[in-house]
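Student: I'd like to ask you about the structure that follows.
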Amino acid sequence: MFNKILIANRGEIACRIMRTARKLGVNTVAVYSDADRDALHVSMADEAVNIGPAPPRESYLCGEKIIEACKATGAEAVHPGYGFLSENAGFALMCIENDIVFIGPPAAAIEAMGSKSAAKSIMGDAGVPLVPGYHESDQSAGRLARAAAETGYPVLLKAVAGGGGKGMRLVQNEAEFGDALAAAKREAVSSFGNDDMLVEKYLSRPRHVEVQVFCDQHEHAVYLFERDCSVQRRHQKVIEEAPAPGMTESLRRQMGEAAILAARAIDYEGAGTVEFLLDADGAFYFMEMNTRLQVEHPVTEMITGQDLVEWQLRVAAGEPLPLEQNQLQIHGHAFEARIYAEDPDNDFLPATGSLVYLQPPPESRHVRVDTGVLQGDEVSVYYDPMIAKLVTWDENRERALGRLARALSEYRISGLTTNISFLYNLATSEPFVRADLDTQFIEKHHASLFHTSNDARVRDLPLASLYLLLRMEQSGQDRVRGDDLFSPWNSSSAWRLNEPAVHNGAIVLNGTEYDVPVVEVGSGDQRRFRISAAGKTVLATGELKGNELYADIDGYRQRVVVVPHDGMFTLFSPAGAMQFALARPDYGEEDSQSGAAAFAAPMHGVVVKQLVEAGVMVEKNQPLVIMEAMKMEHTIRAPRDGTVTEFYFEAGDQVSGGEDLLKFEPA
Ligand code: MV4
């Protein structure tokens with residue numbers, strides 16, 4: 001085994017690799033860019049070397065600097081992680097030339113899988129099943145058109161140098177062929193500088209099923225079963241699982257053995273993944289081979305009980321594979337959800353900013369969190385905005401999926417927008433629960449996954465209202481215990497003595513404001529909130545314990561989780577995640593954490609307009625300030641008669657959710 005290795009990567013995968021190195025007693029060297037001086041992967045390493053400015057070209061992608069760092073620290077081997085230099089044959093060669101072990105396959109194996117047509121030729125010759133089609137070198141339009149006709153429409157044109165769906169075109173019939181070819185070539189040339197095409201029979205509803213393989217330097221090869229990565233968005237994986245639902249033992253063995261054929265065909269060594277398209281009829285076809293450890297490797301670790309990074313280090317050090325095929329078994333089921341700083345409701349626009357608050361769910365035998373960031377870290381523009389991989393395991397798919405949904409509902413991040421509630425909607429959606437998976441999953445079920453329609457969610461308005469009422473009462477009590485007594489709407493009981501217990505609050509769902517009037521009825525054990533929302537009136541009561549709301553609505557009881565973030569709230573119920581905000585704060589001021597009196601901004605946004613002068617008397621409900629957030633204007637109104645004694649912002653100012661907007665003195 002090595003004495004010291006260098007990890008030529010950052011973030012969660014660098015941390016992941018160092019965890020295993022430490023376990024094996026291997027010393028670790030981190031490399032870091034100027035943007036990563038305070039990153040977790042740097043503090044985890046035994047030594048760390050600065051390799052330049054933030055842009056990857058000048059640091060993490062700069063092979064010479066990595067080699068230099070190895071020499072300076074005496075590292076014997078380099079683990080490239082995924083991305084960056086992991087599938088760069090030139091870098092693998094450079095390592096060898098400098099007597100440094102590249103923890104990955106031989107450069108020739110990386111090279112061989114770089115071209116789709118060359119890869120297909122090799123795999124076809126080795127007896128790995130291919131999608132019917134054409135992958136020869138004659139690239140004349142006439143030859144390609146004839147290949148399409150022989151294959152049979154519809155066909156898919158794919159760029160030979162392609163990846164990630166770029167330079168790919170579906171052609172339905174002969175009439176469309178010419179235009180489609182021209183379009184695919186244009187895209188391929190601009191993306192890859194190479195417009196060679198291959199032609200494939202189009203499969204209409206395939207699944208993406210990939211097989212993990214491992215080879216050592218002693219002719220041994222095993223497969224560690226499959227992962228289903230069908231749920232993707234723009235060719236980015238979203239949720240992965242192992243094993244693939246609906247696999248038979250026979251299909252598993254056939255795919256596993258085909259994957260080993262593929263690996264042997266290129267004299268593979270180390271960890272590799274053979275990707276297949278699995279058709280609805282059970283036929284499977286080679287798609288590509290990834291010559292690296294993949295992001296989603298943890299689901300394989302969870303169901304096999306193996307540490308794949310340990311296997312990589314052992315194999316690279318010349319040891320034989322730790323286990324033979326007949327010693328490997330699947331136990332249970334695992335999921336991985338990729339938690340990203342991005343906005344699903346804005347075409348998954350990457351989000352940058354500070355992880356102001358970061359609380360992952362507790363880790364256990366069932367829940368694993370692979371991350372490279374800590375609370376307070378920045379998600380910068382330079383690197384992939386993945387925050388963490390949330391991995392769950394249990395005895396079967398249903399239970400593992402339940403664990404995933406639960407863990408997602410417990411994941412708390414504020415400071416930037418994340419895809420957590422989108423992932424929750426996905427994990428709890430009926431077709432996903434049924435394992436009705438294919439590569440069009442997200443497009444097909446768009447309406448139930450995104451916050452495009454409120455129709456289904458208005459049913460949960462009473463839950464949101466009940467939460468806000470109970471939260472107000474709690475913070476009111478907190479404040480009475482504290483010394484923050486000046487504000488009458490903070491301590492609910494104080495002013496309710498003089499007014500009927502009526503709340504005229506309004507709740508915003510995805511930019512639409514709903515009036516949700518509430519009347520308190522009864523007292524003591526019999527006290528209920530009579531909540532009217534969306535044309536229906538219910539009687540509600542409940543208890544709020546931390547983030548758990550124990551709700552009783554017309555006698556129907558349920559426990560849901562509500563997570564505050566950025567002045568908004570996400571309610572996780574079995575129906576999916578619902579985001580809401582307080583539109584008119586008649587349920588009381590909502591930010592109990594900051595202890596802020598007065599008006600906290602309901603969310604990140606911009607102050608558009610100040611509507612009254614400081615010091616002038618205003619009436620209850622009179623508009624005070626207009627804020628714009630999420631492309632919506634929100635009016636902040638007076639909670640009762642009084643005066644604004646101070647505005648903390650001017651028109652045009654950026655405000656963070658939870659920050660005080662103004663100070664109000666009741667009459
Ligand atoms: C296909 C296909 C259907 N038929 N090939 C997309 C990216 C590229 N690496 C391969 N891809 C596909 N190839 C044939 N002959 C459908 C896809 C595809 C896809 C594959 C895996 C995961 C997600 C996908 C999403 C859309 C299309």
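Student: Among the strands (runs of 3 or more DSSP E) confined wholly to segment 145-209, which include 1 or more residues that are among the charged types (D, E, K, R), within 10 Å of the ligand (Cβ to nearest atom) and in contact with a helix residue (DSSP H, G or I) (Cβ under 6 Å, 6 or more places away or on another chain)?
Tutor: By residue number, 197-201.
For (1) on the phi < 0 side of the Ramachandran plot; (2) among the small types (G, A, S); (3) at pLDDT below 80; (4) in the same structural domain as S409 (by TED's automatic domain parsing), each residue gets a yes or a no:
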site: M568; (1), (2), (3), (4): yes, no, no, no
site: A575; (1), (2), (3), (4): yes, yes, yes, no
site: G588; (1), (2), (3), (4): no, yes, yes, no
site: E619; (1), (2), (3), (4): yes, no, no, no
site: H634; (1), (2), (3), (4): yes, no, yes, no
site: A651; (1), (2), (3), (4): yes, yes, no, no
site: G658; (1), (2), (3), (4): no, yes, yes, no
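Student: Still on this structure: Which condition number does I67 fail, the rest of (1) open to solvent by less than 30 Å² (accessible area, probe 1.4 Å); (2) touching a strand residue (DSSP E or B) at 6+ places or on another chain (Cβ under 6 Å); (3) within 19 Å of A14 (Cα to Cα) being met?
Tutor: Answer for I67: the failing condition is (2).
Student: Identify all residues within segment 506-543 that are in contact (Cβ under 8 Å) with a residue 60 or more places away in the chain, part of a loop (DSSP other than H, G, I, E, B) and of a type outside the set (S, T, N, Q); write none if there are none.
Tutor: Across segment 506-543, the qualifying residues are G511, A534.
Student: When residues of segment 315-333 are filtered for being touching a residue at least 40 places away in the same chain (Cβ under 8 Å), in a helix (DSSP H, G or I) and surrounded by fewer than 20 Cβ atoms within 10 Å (Cβ to Cβ), how many remain?
Tutor: Going through segment 315-333 one residue at a time, the tally reaches 1.
Student: Quick one: E219 ticks every box in (1) open to solvent by less than 50 Å² (accessible area, probe 1.4 Å); (2) more than 13 Å from the ligand (Cβ to nearest atom); (3) in a loop (DSSP other than H, G, I, E, B) bar one, so which box is it?
Tutor: For E219, the failing item is (1).
Student: If you don't mind, another one. Only one residue in E363, E336 is in contact (Cβ under 8 Å) with a residue 40 or more places away in the chain and either more than 16 Å from the chain's Cα centre (by Cα) or not in a loop (DSSP other than H, G, I, E, B) (or both), so which one is that?
Tutor: E336
Student: Name every residue in segment 253-278 that is of a type outside the set (A, V, I, L, M, F, W, C) and under 28 Å from the mean Cα position of the chain (by Cα), in order of residue number.
Tutor: Those that are of a type outside the set (A, V, I, L, M, F, W, C) and under 28 Å from the mean Cα position of the chain (by Cα): G270, G272, T273, E275.
Student: Scan segment 151-179 and report the pairs whose first residue is without any contact (Cβ under 8 Å) to a residue 24 or more places away in the chain and not assigned by TED's automatic domain parsing to the domain that holds N290 and whose second residue is more than 9 Å from the ligand (Cβ to nearest atom) and among the β-branched types (V, I, T), with Cβ atoms within less than 6 Å and a gap of 6+ or a chain change.
Tutor: none
Student: Applying the selection to segment 361-405, what residues are modelled with pLDDT under 95 and either of a type in the set (K, R) or under 15 Å from Y424 (Cα atoms) (or both)?
Tutor: The one that is modelled with pLDDT under 95 and either of a type in the set (K, R) or under 15 Å from Y424 (Cα atoms) (or both): P361.
Student: When the residues of segment 237-288 are narrowed to those that are of a type in the set (A, V, I, L, M, F, W, C) and open to solvent by 50 Å² or more (accessible area, probe 1.4 Å), which ends up farthest from the ligand (Cβ to nearest atom)?
Tutor: Per the criteria, the residue is L261.
The values are calculated or read from the model by the stated rules, or taken from the named source; none is laboratory data. Because the structure is predicted, anything quoted here is derived from the model rather than measured. Neighbour counts run over all protein chains shown; Cβ positions are idealised from the backbone, glycine included. These accessible areas exclude ligands, DNA and RNA; they are computed on the full protein's heavy atoms, side chains included. Shrake-Rupley method; radii C 1.70, N 1.55, O 1.52, S 1.80 Å.
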